[in-house]
Structures are given as C-alpha cells and as structure tokens.
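The values are calculated or read from the model by the stated rules, or taken from the named source; none is laboratory data. What you are looking at is a predicted structure, and each value in this text was computed from that prediction instead of being measured. Using ideal geometry, Cβ is built from the backbone for each residue, glycine included, and neighbour counts are taken over all protein chains shown. Side chains included, ligands, DNA and RNA excluded: accessible areas come from the protein's heavy atoms. Shrake-Rupley method; radii C 1.70, N 1.55, O 1.52, S 1.80 Å.
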Amino acid sequence: MNAHLSSEHTSPQDRPARLTVGVVGAGRVGPALAASLQLAGHRPVAVSGVSDASLRRAAAMLPDVPVMAPADVLAHAELVLLTVPDDALPGLVAGLAETGAVRPGQLLVHTSGRHGTAVLDPATRAGALPLALHPAMTFTGTPVDVQRLAGCSFGVTAPEELRLAAEALVIEMGGEPEWIEESARPLYHAALAIGANHLVTLVAQSMDLLRTAGVEHPARMLGPLLGAALDNALRSGDAALTGPVARGDAGTVAAHVAELRAHAPGAVAGYLAMARTTADRALAHGLLKPELAEDLLGVLADGGNQ
C-alpha cells in the first residue's frame with residue numbers, strides 16, 4: 001500500500017531513496033514510525049532508549065535493531081527520527097550539534113507538534129536537512145500503531161526545497177501530508193490538544209460520574225452516544241450540538257451543577273467552562289435562542305460564584 005501511494009503521488013525523482021533509519025527516543029512514536037518506514041523498504045539500523053519500557057518497546061517493534069547512544073545513532077543513520085518530548089527537543093538538538101554528531105546531508109526529522117523546523121537550526125547549520133513531521137494520532141506503543149498510520153494526517157513543515165521529500169516520507173508511512181506554516185505550529189498543536197487530549201479527560205470523567213450514578217457498564221453506555229456525537233460533529237460542526245445548553249434549559253443546567261457540587265466537586269469548574277463555551281458557540285450559530293440565553297448564562301455565572 002505504501003509503495004502504491006508513493007508512486008501515485010510523487011514522481012521517482014521526488015521519492016526518497018532507501019535510507020538507513022535511526023531513532024533517538026524510543027517512546028511510543030519513534031518505533032512505530034521506524035517500523036512503518038521499514039515496511040516501505042527503508043532499513044532501521046539503530047535506536048536509543050533509556051527506560052526499561054522504551055527498551056522493551058524497541059525490542060518488540062524493531063527486533064534485532066541495536067540500541068546505541070544518541071550520537072552513535074546519528075553516526076549510523078541517513079534518516080534520524082528525533083522522537084523525544086517537546087520540551088526536551090531543543091536541548092537534544094543543541095547537544096548533538098555541539099558534539100559534532102550531526103553529519104552534512106543527514107535527514108533530521110522530529111515529530112513534535114508544537115515545533116516547526118526552527119528548533120532544528122543548530123543541526124541545520126551543521127549541514128542537516130530539517131523536517132518536522134507530526135502524526136496527528138494517539139499512540140499506544142504497540143504494533144497496532146503502525147496500522148493506524150494508514151490515512152493518518154501529518155502536520156508537515158520543511159524548507160521549500162525539502163517539501164516534496166517530506167511529503168513523500170509521510171505518504172510512504174501511509175499518512176496524508178498537511179502543510180503547516182512554521183508560525184502556525186503552536187496553534188495547530190493547541191487545536192489537536194483541545195480535540196484529542198481533552199476528549200480523553202472528558203470521557204474518563206464521564207465514566208467516573210456514571211459509575212457514581214450506579215451505571216454498571218459506563219463504557220458500553222457511552223460508546224454509541226459518543227461515536228454518534230463525534231461523527232455528527234465532524235460532519236456538521238456546531239450544527240450537531242444537542243443537549244440542555246443548546247436548548248437553553250437553565251433549570252437542567254442548574255441541577256447538573258448542584259449534583260456535581262455534591263458528588264464530584266472537582267468536575268464543577270470544567271463543566272462550567274465547557275458550558276459557557278458551548279453557550280457562546282450555540283448563540284453565535286443561532287442554535288440557542290437569545291431570550292433563553294440570559295437565564296442560562298445567569299446560572300453559569302452563579303455556579304461559578306457559589
């Protein structure tokens with residue numbers, strides 16, 4: 001599938017040659033991307049990891065690939081995946097450049113959503129070719145991640161002369177490249193965090209509250225509801241909104257706040273913040289009638305002061 005996509009979307013001169021691949025940071029992302037590149041014909045040759053969990057992950061997803069120090073990974077690989085946490089990336093790049101580990105012509109790819117290619121400037125000055133390829137996907141650290149990359153969008157940032165190579169690598173991994181300007185990377189990443197990371201928190205909190213309410217199988221109850229809500233939201237945006245806030249049911253919202261204060265006070269602030277944001281969007285899109293909004297917003301304001 002990857003080879004077919006590559007030949008369909010890029011001409012032969014734009015596709016990267018078969019490359020030796022190294023991974024610096026064997027978290028959940030790096031081994032999955034390296035395994036996907038291996039399926040496309042590239043050759044993982046080195047990986048670095050520190051924790052026992054990362055070493056086990058590397059052994060499971062990249063068997064027979066030797067574990068090395070980061071500088072040694074760069075010495076062995078033509079394409080290096082820097083898959084470390086966002087805050088650790090600038091220091092890692094600076095350290096590798098200062099110690100002479102970066103080689104001219106080496107493809108250096110990071111997977112941070114927040115950063116573009118500027119974070120790689122120390123390595124670029126040493127001759128590296130900088131790419132920012134962020135998969136918009138949540139990873140488990142297991143082989144299922146490789147399958148999930150099929151059709152996954154990647155936020156791609158690269159110098160103009162490397163754009164085709166960056167997009168080709170994404171396509172070879174089964175992904176879909178989406179070009180993100182350097183200056184827009186933090187906003188892009190914030191948008192994904194709101195949609196994905198906060199979703200996990202909301203779902204987990206909802207399941208906790210359902211258990212408190214006596215529901216024996218909260219996941220089974222929420223599955224069809226959340227699946228339909230997500231599908232409708234992706235198709236229709238704000239027009240998919242339902243529930244007491246969109247209807248202007250101030251009494252129901254007041255009852256929600258009272259129950260949360262009694263049984264889950266830690267959930268009140270989040271409920272009020274999301275309800276206010278929902279009310280604002282519902283008003284702006286004509287879903288919440290203005291004559292009902294005043295009482296509703298009054299309840300939300302009082303709820304925050306009690």
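So what's the net charge close to residue 154: Lys and Arg +1, Asp and Glu -1, counting the other residues with Cβ under 13 Å from its Cβ? Spell out each step's value before the answer.
Working: positive: 148, 163, 185; negative: 167, 172, 176, 178.
It works out to a net charge of -1.
Given R0 = 35 Å, the distance between the Cβ atoms of residue 222 and residue 148 translates into a calculated FRET efficiency of 0.95.
One entry in (1) 47, 23, 16; (2) 30, 23, 17; (3) 44, 21, 19 is semi-axes √(5λ) of the Cα gyration tensor in Å calculated from the shown coordinates; its label is (3). Going by accessible surface with a 1.4 Å probe and the largest first, 194, 180 read 194, 180. What the Cα convex hull of region 188-303 gives, in volume per residue, is 108 Å³.
Region 69-134 and region 152-170 have Cα centres separated by 16 Å. DSSP beta bridges confined to the chain are antiparallel in about 15 percent of cases. Think of a 1.4 Å ball rolled over the protein heavy atoms: region 188-303 then has 62 Å² of accessible area per residue.
Over region 20-180, all Cα pairs binned in 5 Å intervals from 0 give whole-percent P(r) values of 2, 10, 21, 25, 23, 14, 5, 0, listed from short to long.
Let's see if you can work this out: charge +1 on each Lys and Arg Cβ, -1 on each Asp and Glu Cβ, no other charges. What is the dipole magnitude of region 188-303 about its Cα centre, in debye to the nearest 20? Don't skip to the answer; put the middle values down first.
Values: 8 positive and 11 negative charges, 56 e Å.
About 260 debye.
Karplus-based coupling profile of region 100-105, in residue order and whole Hz: x, 6, 7, 10, x, x, with θ = phi - 60° in 6.51 cos²θ - 1.76 cosθ + 1.60 and x standing for Gly or Pro. Calculate what fraction, in whole %, of the accessible area of region 184-264 sits on carbon and sulfur atoms when a 1.4 Å probe is rolled over the protein chains. About 65 percent, which is the carbon plus sulfur part of the accessible surface. The slack in the chain from residue 64 to residue 198, taken as 0.36 nm per residue of separation less the alpha-carbon distance, amounts to 44.5 nm. Shown is the FRET efficiency for residue 264 and residue 289, computed with R0 = 30 Å from the Cβ-Cβ distance and rounded to the nearest 0.05: 0.50. Using R0 = 41 Å, the C-beta based FRET efficiency linking residue 18 and residue 234 works out to 0.65.
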